[in-house]
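Peer 1: Below is one structure. I have some questions about it.
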Amino acid sequence: MKKKRLIPVLLLKDGWLVQSKTFTKHQNLGNPSFAVKRLSEWAADELIYLDISRGENQYDMRREDLRDGNKRGFLEIIEDVSLVSFMPITMGGKIKNINDISLRLSCGADKVSIN
């Protein structure tokens, strides 16, 4: 019998972790790193992390009271997430060339997802 696996998919939009309804309505769920810590504790087998932001450099969380501070981009968020994750991470979103793939892999992603 095949083993059942838990592989959550998290969506990141403008620096926030969001829940999406048909990719048109987005509900803010909070900090991207805290959810990954929680999923690691729940023993998820793998994690898929997709950036669905439209523009570049729009990762201002509009909060100055965060102990982590605001992140400047998706690569910084990948680095933070890879530090707290104890499972393979697949990253996707805004991949335009081979250099984008190598940047994500060097920041801590184990795999890269392409449309």
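The numbers here are math on the coordinates, done by the rules we state, and not lab data. The structure displayed is predicted, hence computed values, not measured ones. Cβ coordinates were reconstructed from backbone atoms using ideal geometry, including for glycine residues, and neighbour counts include every protein chain displayed.
Peer 1: Pull out the extension gain between LYS3 and SER20, defined as 0.36 nm times the separation in residues minus the alpha carbon to alpha carbon distance; nm, one decimal.
Peer 2: 3.3 nm
Peer 1: Check LEU29: other-chain or 5+ apart residues with amide H under 5 Å from its amide H, H built from backbone geometry?
Peer 2: Under 5 Å from the amide H of LEU29 lie the amide H atoms of LEU17, VAL18, GLN19, each far enough along the sequence or on another chain.
Peer 1: So how do 98-105, 21-28, 74-81, 3-10 stack up, highest first, on mean other-Cβ count within 10 Å?
Peer 2: Result, highest mean first: 74-81, 98-105, 3-10, 21-28.
Peer 1: Here's another thing I want to ask about it. Please give the contour-minus-distance gain from GLN27 to SER40: 0.36 nm per residue of separation, less the Cα-Cα distance, rounded to one decimal in nm.
Peer 2: Extending this stretch completely gives an extra 2.4 nm.
Peer 1: Work out from phi, with θ = phi - 60° and the Karplus expression 6.51 cos²θ - 1.76 cosθ + 1.60, the ³J(HN,Hα) of each residue of the stretch 40-46, listed in order in whole Hz, and give x for Gly and Pro.
Peer 2: With the stated coefficients, the stretch 40-46 comes to 5, 5, 7, 6, 5, 7, 7 Hz.
Peer 1: Through the Karplus equation 6.51 cos²θ - 1.76 cosθ + 1.60, θ set to phi - 60°, convert the phi angles of the stretch 24-30 into ³J(HN,Hα) values in whole Hz; use x for Gly and Pro.
Peer 2: 10, 10, 10, 10, 6, 10, x
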